[in-house]
Amino acid sequence: MGNSVTAVDATALKAEFPLLATPRPDGRTLHYLDSAATSQKPQAVLDAMDAYYCETNANVHRGVYEMAAEATDRFEAGRTAAARLVNHPREGLVLAKNATEAINLVAWAWGTRTLREGDEILVTGMEHHSDIVPWQIVATITGAKVVFAPITPGGELDMDALQGLITERTRLVGVVHASNVLGTINPVAEIVTMAHAVGALALVDATQSVPHMPVDATAIDADFLVFTGHKLCGPTGIGCLAGRPSVLEAIEPFLGGGEMINDVTTEGSTWAEIPLKFEAGTPPIAEAVGLAAAIEFLEGIGLDRIRAHERELCVQMLAALDEVPGLTVLGPRDPDRRGAAFSWVMDDLHPHDIAQFLDSKNICVRAGHHCAKPLMRVLGTQATTRASGYLYTTEEDVLALRDALIECRSWFGVG
Amino acid sequence: MGNSVTAVDATALKAEFPLLATPRPDGRTLHYLDSAATSQKPQAVLDAMDAYYCETNANVHRGVYEMAAEATDRFEAGRTAAARLVNHPREGLVLAKNATEAINLVAWAWGTRTLREGDEILVTGMEHHSDIVPWQIVATITGAKVVFAPITPGGELDMDALQGLITERTRLVGVVHASNVLGTINPVAEIVTMAHAVGALALVDATQSVPHMPVDATAIDADFLVFTGHKLCGPTGIGCLAGRPSVLEAIEPFLGGGEMINDVTTEGSTWAEIPLKFEAGTPPIAEAVGLAAAIEFLEGIGLDRIRAHERELCVQMLAALDEVPGLTVLGPRDPDRRGAAFSWVMDDLHPHDIAQFLDSKNICVRAGHHCAKPLMRVLGTQATTRASGYLYTTEEDVLALRDALIECRSWFGVG
Amino acid sequence: MGGLDDLYQQLILDHYRNRRGRGRIDHASASVHEHNPVCGDECYLDILVLDDRLVEVRSDGDGCSISQAAASMLTEVAEGKRLEEALETVEHFRLMMHGEVEPDEDVLGDAIALEGVAKYPVRVKCALLSWLALRDAIAGYRETTAHGG
Amino acid sequence: MGGLDDLYQQLILDHYRNRRGRGRIDHASASVHEHNPVCGDECYLDILVLDDRLVEVRSDGDGCSISQAAASMLTEVAEGKRLEEALETVEHFRLMMHGEVEPDEDVLGDAIALEGVAKYPVRVKCALLSWLALRDAIAGYRETTAHGG
Ligand SMILES: Cc1ncc(COP(=O)(O)O)c(C=O)c1O
Ligand SMILES: Cc1ncc(COP(=O)(O)O)c(C=O)c1O
C-alpha cells in the first residue's frame, strides 16, 4: 500500500505551524519528535478559535439572538467535522474533554450500571492507562474483573490468545488501534467481530490512528471509538466518542447538568436526545471550532497522503535507528503494520538521560512509561525513549535524531 | 459597602474586548447583556493562548525536554491563579472541563460510593440544573433522596425552612452563591456552617459569584466550591473545583487514565497525590493558560472594583426596567443582596419574542428557563427574559435595553 | 429591521393575536402534551377523528408568538384532512422549517408565512411544537385503534 | 551545551559510573522500596541503625544517571550520621532541589553537585527518589521501635 499516493511535503508544511516555522529562542531549529504526546497546531486552527472569540462568542444551543445561533452553528460544525473524519453518524458523535473522558463515560455510564460479579472486561496488554484504569475503577465498584490479552515478543497482539480470552463472561473488549508506545497497528475490525460474536461490546481507542490515517468507524463497527483533538492538530480540551447510536440511546446519562436534559422537576428529570444527552454544561465551544479547522486542514492534505508520508518516515526512522550502536527498536518493523511512534531501549543509557541530551540538541522526545506501565512490564523495562512523527516530520528531523543519539553515547562515555 | 471603592470605567474597558470593541457587521454597536451565559474575552486572554501554542505547546507533566517543562509551568500557573483568585490552597484546586463536571466529580466520585438509602442531598430551589441533575442521577443509583429548600416570594432563600430541612439524614448541602436567574446572593458561609453542624458536607456553586466579586473560599469554608472559566473572561473548556484537601484525599478517584496514577499493574492501580488524582488524561492546557491570563486581567482591575461597578449597574438597571410598562423584575431589589443578572416577566409578551426583538436592535439577552426549571415552576412561569452585565457593561447598554423594551411593546401591539 | 419583519409577518401576528382553534376537545380521539425544552413552553393538542378524517383539531397552552401562530395555523390547515394527508402536510411543514423544500401554499395555507422562521434555529422548535404534536397524536390514535380492534 | 554540562557535572557522572553504597543489607533495621511515577524507576533503600546512628546505608535499583548518582552520594553522606542529623540533611537537600535554600557543601558533601538539577522539574523527582526513601526508612524504623518497645 501507500506507494500509489503521493506523500505530503513535510518541509513545506512546517511553514503552516508557527511553532515549527519559528526558530527557537537560541536561533536553532526545533526537531519536534513528540507528536504522539500532542501535535503542533497550524495557524489556521489558532485563527479559527480567535475568530470565534472575536466575532461570535456566545453560549450555545439556547440563545435566541443571532450571535448565539452563529456560535451554535460553528460549534456544531465541529461535531459534523469529527463525524465526517471517521465516517460516523453525526448523532453518535459525543464531544468530551479528551479521549480519556470519552472512555470513562462508557465505563461509568454503562459499566457501573451494568457490570456484575463474574463479568469480564478484556483489554490488551498494550493499552494506554486511559483504557485500563477506568475499567479497574469500575471493576472495583461492581465486582467485575479486568483481563489482559497478551502480546507477542514482536510487540503485536497474540490473536489466538485473544480469541481464547473472549468468552461468554466478556462484556466489553477494549483495544487500541495504534499503540502509542510500539507503533503497532492492531486488526481492530477483526477484534470487534470477535467481541460481537459473544455478545460483548467493543471499544476502540483510536487516539493514535485517527490523526495519522484514514479511519472508517462504520467499517470498524465498534460500539465505541474514541479519539482526541490535541493529537490531530486541534486544541486541547476536546475529545470525541463515536458511539453506535442505538447503544448510546440505551445507556443512561453520565454527567448531569445543563444541555443534557429534556425536563427537570424536583421529582426527577428526563434526558435530551443523543448526542446532547451526554454533554452536560457549557461544552468546549472554541475547542470544537478549532477541531473543525484542524480536521479541514487534515482533509485538505488528505489522510491517505499523511499515511503515505508516515510510511516513508517509518522506513527512514528504522534505518536511522539501526545505525545507532546498542539501540533496540521495539514493535513491528514492517511499515505496513505500524504507525510513526518509535520506542527503543539503549544499552547502558537511561531514557531520561537520552531525552535530556537530545533536548540540548533541540530534539524533543519522550522518556518514560508513556502511560502504559503494564506494557512496560511485559517489555521487561521501566521506561523507553520514544520519538514520534507526524505530517510535518522530515527526514532532516530523523537524521538529526540519529546523529544526536550516536553522540549521546560518547558523551555519557558508554561508547 | 461598595461606595468607598472606585468602580471601573466600563466604557474604557470595552476597548480590551475585541468582540465589543469592533462594530457588528451591520456597523452598529453591540449591547451584550448575556454575560451570565458566558463572558466576552479580553485580547490578553487570546494572546496568552496563542503564545502558548506558538511558543511552547507540548504535553505536560512528564516531558524531560525544556519546552515540555515550560508548558507544564504555564499550565500549572493556571491552577495557581485559580487558587489565588478564591484564596484556596493550591493542592485543593482541581481543573475540570467546566463547573458542571466539577459538581459531577463530587456526585459520582463521592456520592455513588457513599450515599445509601435514607440519605438526603439538600439543594435549594434556585439551583442551576448543574447542581440538581448530578444529584438526581446519583440518587437513582444509590437510593438516596434529593430534597429542595424553598425560596421566598421575594426570590431569596427561606433560611428557617432551610435550617429545618438540614437533619441528621443530610449528607451534603448544595447551594448556589449567586443565582443565575434572580441575581440573589445567598449567605453561603452561614449555610456551610449549618451543614457542618450536622456532619454534612457543603458544596457552593460559585459560578456566578467568582467572576463578579471577591470570593474567599477559605472564609466560606465549603468542602467543595466550583466555578467556570468561560464566565470570568477565560476560555471555554475549563472549570475549577476548589475542594478541601483532606476531603479530596479521602475520596476515591473519578475519571481514570493518564496523569492521575501513581502505579498501574494488571492487578490494580494506585493514585497520584491530589489534585492530579482527579485529573485524568491530557488536561485543558491552553485553557489553563487562558484562565491564568483572565484571572490576571480581573485582578489587575480589582474584583472589589468590579463588584462596585456592578452594584452601580444594579441601581441603573432596576431604574431602567421600572420605566418599562408591564414589566416585573424578579429577585431582590437591594443592590447589596444581588448580582448583575436580571430576570423579568412582561405582560402579554413572551420571552422569545422579546429576545428576538431585542436582537434586531443588537441587544443580546437570554430567554428561557436558564437551566433552572424547578425555579421557574416556583416563579409560576415557563420562561423569563434575562439581561446580565459584567465589568464592560455600561449605562448606555442599560438605556438601550430600556428603550428597546418600550418599543417592543408597541411593535407587538401590546401597548 | 427587514429581518424582524420577515420573521414576524403580519399574518403571523394576526394569528398570534386572534388565535384560531384554541381549546381542548372533551372526548378527543387522541391527546398529546408536548413541551419545548428550550423555553419550557407547553402545548396541548387534541384531535377528533371520524372515518379516518380529522374532524376537529384543538390546541392549547401558552407560548411565544411563533408557537401560538403556528398552532393556530395548524388547526385551520389540518381540520377536515384525512390522516394520511395531514401527516404529509406536517412533513412538508417540517421540511420547510429545515429549509429542505420549496414550500407549497396549497398544502400549507397560512402556515407558509412561517417560512422565514427557518433562518432562526432556536425558533424552529417553537414553530414545530404543535405540528409535531399532531404527528404524535395521529400516531397515538392509530396505535390505540390498532390495539383496540 | 552549557546547560547540559551544568546538569551533568563530572562529579555526577563519576558517581553514576562508580556507584557507591550499592546493594542491600541482610538484617536491615528498615527497608524501603520507592518508585518514580514519571519513568517507573525503582529504588530500594536499606538502613542499619545502631545507637540512633546510621551505621550502614545501601541502595539498589536501576535508574537514570541523576537518580543513580543521587543514591550513591546519599549513602556516602548519610552513613555515620545520627538519625536526626540525617533527616536534617535530607531536608536541606530537598530544599535545594526546590531552589529554596542556599546549599551548604558541609551538609551535603558531593551531593551539592546536584544543585543544577533544580532547574529541571522532571529530573528533581529522579534526584529526590533515594533521599526521600531515606526519610521514609527512618520514619519506618522509628515506628517499629516505638511500637516494639
Ligand atoms: C449558577 C450556575 N451554575 C453552574 C453553571 C454551569 O456552568 P458550566 O456550563 O460552565 O458548567 C452555570 C452556567 O451555566 C450557572 O449559572
Ligand atoms: C493510545 C492512547 N489512548 C488514549 C490517550 C489519552 O488521550 P487524552 O490524554 O487526550 O485523553 C492517549 C494519549 O495520551 C493515547 O496515546
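Could you compute the net charge surrounding A:VAL215? Neighbours are other residues with a C-beta less than 14 Å from the C-beta of A:VAL215; K and R count +1, D and E count -1. Every neighbour counted, the sum reads -3. When A:HIS128, A:HIS309, A:HIS61 are arranged by Cβ crowding within 10 Å, least crowded first, meaning fewest neighbours, the order is A:HIS61, A:HIS128, A:HIS309.
Quick check: from the Cα gyration tensor, does chain A come out rounded (a/c under 1.5), prolate or oblate? Judged from the Cα gyration tensor, chain A comes out oblate (a/c at least 1.5, b/c at or above a/b). Net charge near A:SER388, counting Lys/Arg +1 and Asp/Glu -1 over other residues with Cβ under 9 Å of its Cβ? Net of charged neighbours comes to +1.
Average the reciprocal distances over every distinct pair of alpha-carbons in the stretch A:157-241, invert the result, and give the Kirkwood radius in Å.
The answer is 13.3 Å.
Closest approach to the axis carrying D onto C, counted by Cβ on chain D and given in whole Å with its residue, is D:PRO37, 22. Helix B:395-411 and the longest principal axis of the Cα set of chain B meet at an angle near 60°.
Exceedance of the 30 Å cut-off in Cα-Cα distance is limited, within the set A:LYS97/B:LYS41; A:LYS41/C:LYS125; A:LYS231/B:LYS14, to A:LYS41/C:LYS125; A:LYS231/B:LYS14. Summary for C:ASP104: label point 7 Å along Cα→Cβ; distances to the equivalent points in the other copies, ascending, 9.5 nm. Every helix of 4 or more DSSP H residues in chain D counts as -39500 (n - 2.57), and over all residues that averages to -16000 deg cm²/dmol at 222 nm. Oblate is the label for the stretch A:29-153, because the ratio a/c of its alpha-carbon gyration tensor axes (a ≥ b ≥ c) is 1.5 or higher and a/b is not greater than b/c. For A:LYS145, a cut-off of 19 angstrom between C-alpha atoms picks up these lysines, skipping any fewer than 8 places away in its own chain: A:LYS373. Where Lys and Arg each count +1 and Asp and Glu each count -1, what net charge lies around B:HIS196 among other residues with Cβ under 15 Å from its Cβ? Residues close to B:HIS196 contribute a combined charge of -2. For chain C, averaging the sequence separation of C-alpha pairs within contact (under 8 Å, six or more residues apart) and dividing by the residue count gives a relative contact order of 27 percent.
With label points set 7 Å from Cα along Cα→Cβ, the inter-copy distances at A:ARG169 are 4.1 nm, sorted shortest first. Counting beta carbons within 10 Å around each of B:TRP135, B:TRP110 and listing the fewest first gives the order B:TRP110, B:TRP135.
Got the relative contact order for chain B handy, in percent, Cα pairs under 8 Å and 6 or more residues apart? Taking the mean separation of contacting Cα pairs over the length of chain B, I get 23 percent. Residues B:ILE121, B:ILE166, A:ILE151, A:ILE406 in ascending order of nearby Cβ atoms (within 10 Å, fewest first): A:ILE406, B:ILE166, A:ILE151, B:ILE121. GNM remark for chain B: springs join alpha carbons under 10 Å apart, and the peak mean-square fluctuation among B:GLY290, B:GLY229, B:GLY164 falls on B:GLY164. With its label point defined 7 Å out from Cα along the Cα-to-Cβ axis, C:ALA139 lies at 6.2 nm from the matching points of the other copies, in increasing order. With contacts taken as Cα pairs under 8 Å at a separation of at least 6 residues, the stretch B:350-411 carries a relative contact order of 36 percent. For trypsin sites (Lys or Arg not before Pro), the sites in the stretch A:13-113 that DSSP calls loop and that have at most 12 other Cβ atoms within 10 Å are A:ARG28.
With a ≥ b ≥ c the root eigenvalues of the C-alpha gyration tensor of the stretch A:169-319, is it rounded (a/c under 1.5), prolate (a/b larger than b/c) or oblate? It is oblate, given that a/c is not under 1.5 and a/b is not larger than b/c.
Read the figures in this text as sums done on the coordinates, not as results from a lab. Since the model is a prediction, treat every value here as computed from it, not as a measurement. Neighbour counts run over all protein chains shown; Cβ positions are idealised from the backbone, glycine included.
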